[in-house]
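Encoded as C-alpha cells, the structure appears first; notes follow it.
The values are calculated or read from the model by the stated rules, or taken from the named source; none is laboratory data. Note that this is a predicted model, so its numbers are computed, not measured. No Cβ is skipped: glycine too gets one built from the backbone with ideal geometry, and neighbour counts run over all protein chains shown. For the accessible areas, the whole protein counts, side chains as well, though only heavy atoms, and no ligand, DNA or RNA atoms are used. Shrake-Rupley method; radii C 1.70, N 1.55, O 1.52, S 1.80 Å.
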Amino acid sequence: MSAAFRLSKQAASASSRVIPQTRNALRTVSSAFTQQARHSSSQPLYPGHVPLNWFEHAFMLAGSSYMALTAPARHDMVAAVGDLTSGPVLPALRDQMLASPEGRRILKERPRINTQTVDMQKLASLPEGTLGRTYVTWLERCHVTPDTREPVHYVDDPELAYVMQRYRESHDFYHCVVNLPVDVTSELAVKFFEFANLGLPMAGFAAAFGHLRISSAKRQRLFKEYVPWAIKCGGSAKSLITVYWEQRWEQDIGELKRELGLWDAPEAKWPKPRSES
C-alpha cells in the first residue's frame, strides 16, 4: 500500500470522526440559540406587553381586522390593528420626535394623558381661548373622557410602544384643534388627517373602509369637503406627534394653530349639551 493511499485513508477516517462531532456541536449551539431567542421573545418587555411570534401576529391581525370592520365599537380590536400594523412607521415617528427639542422632552419624560395626570378643574379655570380651556370644553361638548384610550399591547420595542401610546392619547387634541366632534364622519375626517400627517397604517385602514358605514349623502360630503381639507391640512402641518400639549395649556389656541400650520375643518354638526340631551 502506497504512502499516499495510507495518508488518504487516515484523513478520511479522521474526517468521518470530526464531521459528526462538528455537526453535533452546531446542533447544540443552534438549539441553545433558538431556545434563548424563544425565551427572550416570550418575555413581556413592558407592563401590558403581549409578545407574539409571526404566526400569532398574522392570526391576531386577521381576526382583529375583521372585528374592527364588522364591530367598530370594539375599541380593543381597533387598537390591536393599530398596534400590529404600526411597525414600519413608528421608528420614523420616533425619529421626528428625536429631531425636535419638544419631542425629545416627550420621549424622556413619557407623560400620559388621562384624568389622573391632567387637572381638569384647573384647565376649566383658564381663560377662554387657551388650549387648556378649549380642550376641556371640547371634552364636555362631546361627552367623552381621555380615560378610554386602550393601552398598547403588541408593539415589541418599549420606546416605540410609548410613541404609539402617545399618538393614541393625543388623538382628542387633533379633534379639538381642528374643531371637529366625534361622530362617524368627523372621525373619518380626522383619520384622513392623521394619515396625511403621521402616516400610520391604521389611520389609512380606517379611512379606506370606514366610509362604508355611512350614508351616501354623508359619504359624498366626506369626500367632497372633509378629505381635501384633511389631506391638505394634515400634509402641510407640523408633525403633531412632536407637540407637548401639556406644556401648552395656557397658549392661545389661534396662535398654536398658526404655529402648527392648522386650520379648522369644514363645519360639522355638534352633539347637544348634556342639559339638553
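Asp119 sits with roughly 90 Å² accessible to a 1.4 Å probe, with DNA, RNA and ligands left out of the calculation. Across all Cα atoms of region 100-203, the radius of gyration (one decimal) and Dmax (whole number) stand at 14.4, 42 Å. Among Phe223, Ile113, Gly210, which residue has its Cα furthest toward the positive end of the charge dipole of region 54-260, with +1 on Lys/Arg Cβ and -1 on Asp/Glu Cβ? Sorting the options by dipole projection puts first Phe223. Ignoring any ligand, DNA or RNA, what whole percent of the accessible area of region 194-277 comes from carbon and sulfur when the probe is 1.4 angstrom? Taking all protein chains in place, region 194-277 shows 54 percent carbon and sulfur surface.
Value of Rg to Rh for region 54-260, rounded to two decimals, is 0.95; Kirkwood radius and Rg both from alpha-carbon coordinates.
Looking at region 136-238, the accessible area is 40 square angstrom per residue; that uses a 1.4 Å probe and ignores ligands, DNA and RNA.
The GluC sites (Glu not before Pro) of region 114-203 that DSSP puts in a loop, and whose beta carbon has at most 10 other beta carbons within 10 Å, are Glu128.
Of the residues Ile241, Ala68, Phe195, the one whose Cα sits farthest towards the positive end of the charge dipole of region 54-260 is Phe195 (charges of +1 on Lys and Arg Cβ, -1 on Asp and Glu Cβ, taken about the Cα centre). With 28 Å as the limit on Cα-Cα distance, the pairs of Lys108/Lys269; Lys191/Lys238; Lys191/Lys269; Lys122/Lys218; Lys224/Lys269; Lys224/Lys257 that go past it are Lys108/Lys269; Lys122/Lys218. Under a model in which nothing but the beta-carbon of Lys, Arg (+1) and Asp, Glu (-1) is charged, region 54-260 shows a dipole of about 560 debye around its Cα centre. Hey, got a sec? Which trypsin sites (Lys or Arg not before Pro) in region 81-171 land in a DSSP loop and have at most 16 other Cβ atoms within 10 Å? Qualifying residues, ordered by number: Arg112.
The loop-placed GluC sites (Glu not before Pro) in region 228-271, going by DSSP, that have at most 16 neighbouring Cβ atoms within 10 Å of their Cβ come out as Glu250, Glu267.
Note on exposure: Trp263, Trp54, Trp138 ranked by accessible area (1.4 Å probe, complete protein assembly) read Trp54, Trp263, Trp138, with the most exposed listed first. The local environment of Ala206, defined by Cβ-Cβ distances under 12 Å, has a net charge of 0 under the rule Lys, Arg +1 and Asp, Glu -1.
For region 155-196, count all C-alpha to C-alpha pairs, find those more than 15 Å apart, and express that count as a whole percent of the total. Beyond 15 Å sits 47 percent of the P(r) for region 155-196.
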